[in-house]
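Worksheet for the structure shown next.
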Amino acid sequence: MLININIIDKYLGLINSLLLRALLFRIFYVSLMDWRLTPKRIKGHLTRGTRMAAIFHPPLSKSFKTGKALVIYHSTTGNTKKVALAIQRGLREGGFEPIIKEVSEALIEDLYNYDLVCFGSSAIHSLPPTQVMEYISKKGLEYRKRYDVKLPANKIPGKNALVFVTFSGPHIGVNEALPTGKYLRQFFEHLGFAVKGELYIISEFHGWKEGSTKGYLGDIKGRPNIEDLKSVEEKTYKIANALK
């Protein structure tokens, strides 16, 4: 069944890519996507068609840019939220219209509706917390049911991601955060997103004084500080500006 779907998708994508190269057809197609009376299910098929067409003819992705970015984060102590807000500022400065949501609010979002999705989490014993793992599991299942996860996972032109991880690394430093970053990264790569970066931000270990003062990274009380957040904002701006 999966093989048949992939074959069908391949031919539909090729046909769509040929049709959408015609300006008048593309205008009609976009109008139908944007028309408020178009049923949601039909809009879903149309937007999926644009993604598949762009795989065959990447320049088409420019015609379907939304200019929108989504920032998703989970923050237990406030560290990751600070970084998420810095990323939101960087995106806005870089020309995007950013929307920011906590992971518990983001399940209703279709990630494919955005040109750039930024996803952030803390690292707990080297892995994301339960809330993030559950989000990825549910969204992954949703997209598999829609046949958006394919063999192989081809990159979809115009769909990009950025992952960010806050960590204290009291025992071995940034190596405690790398598995979390890679876990978030593979989620997007399964969906065909091009991951434009992984940001790892040193953060205070709230609730464990020694973990923030005598650990591998030394005294990290108050991190992420103003300089850390400014650096995140600047890096995000560069990524956003390059994509725009």
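All of the numbers you see were taken from the coordinates with simple rules; none came from a lab. Here the structure is a predicted model, which is why all the values come from computation and not from measurement. No Cβ is skipped: glycine too gets one built from the backbone with ideal geometry, and neighbour counts run over all protein chains shown.
The distance separating the Cα centre of segment 168-244 from that of segment 62-104 comes to 15 Å. In the chain, Cα pairs under 8 Å separated by at least six residues give a relative contact order of 20 percent. Backbone amide hydrogens, once placed in the peptide plane, bring VAL117 within less than 5 Å of LEU70, ASN160, ALA161, LEU162, excluding anything fewer than 5 places away on its chain.
Where both residues lie in the chain, what percent of DSSP beta bridges are antiparallel, nearest 5?
Values: 2 of 27 bridges.
Here the share of antiparallel DSSP bridges comes out near 5 percent.
Angle of helix 40-56 to the longest C-alpha principal axis of the chain, folded into 0 to 90 degrees and rounded to 10: 90°.
Cβ-Cβ distance of ILE15 and LYS230, R₀ of 45 Å, FRET efficiency by 1/(1 + (r/R0)^6): the value works out to about 0.40.
Histogrammed with a bin width of 10 Å, the alpha carbon distances of the chain distribute as 7, 29, 32, 19, 9, 3, 0 percent, first bin at zero.
For the chain, the longest principal axis of the Cα atoms and the long axis of helix 130-145 meet at an angle of about 10 degrees. Annotation: amide H of ILE100 within the under-5 Å range of VAL71, sequence separation 5 or more or interchain, hydrogens built in the peptide plane. Rounded, prolate or oblate: which fits segment 70-134 when a ≥ b ≥ c are the square roots of the eigenvalues of the alpha-carbon gyration tensor, with rounded for a/c under 1.5 and prolate only if a/b beats b/c? Because a/c hits 1.5 or more and a/b fails to exceed b/c, segment 70-134 counts as oblate.
Under 1.5 on a/c is rounded, so check that first for segment 11-94, then, if it is not, pick prolate when a/b is larger than b/c and oblate when it is not; a ≥ b ≥ c are the square roots of the alpha carbon gyration tensor eigenvalues.
Numbers: a/c = 2.66, a/b = 2.27, b/c = 1.17.
It comes out prolate by the Cα gyration axes.
Taking label positions 7 Å along the Cα-Cβ direction at both ASN154 and ARG92, the computed distance is 3.8 nm, reported to one decimal.
Scanning residues 5 or more positions from GLY197 or on other chains, those with amide H under 5 Å from its amide H are VAL163, with H placed 1.01 Å from N in the peptide plane.
List the relative contact order of segment 5-107 as a percent without decimals, with contacts defined as Cα pairs under 8 Å and 6+ residues apart. Numbers along the way, then the final one.
Values: 94 pairs, mean separation 24.6, N = 103.
For segment 5-107, the relative contact order is 24 percent.
Report the extension gain between GLU105 and SER126 in nm, rounded to one decimal, defined as 0.36 nm multiplied by the number of residues separating them, less their alpha carbon distance.
On the way: separation 21, 0.36 × 21 = 7.56 nm, distance 2.41 nm.
Difference between extended and current length: 5.1 nm.
Each residue of segment 13-26 was assigned a 3J(HN,Hα) from its phi angle through the Karplus expression (A = 6.51, B = -1.76, C = 1.60, θ = phi - 60°), giving x, 5, 5, 4, 5, 6, 5, 6, 6, 7, 4, 5, 5, 5 Hz with x at Gly and Pro.
Placing a pseudo-label 7 Å from each Cα along the Cα-to-Cβ vector at TYR147 and LEU23 gives an inter-label distance of 3.4 nm. By how many degrees, between 0 and 90 and to the nearest 10, does the Cα long axis of helix 178-190 differ from the longest principal axis of the chain? Roughly 10 degrees, rounded to the nearest 10.
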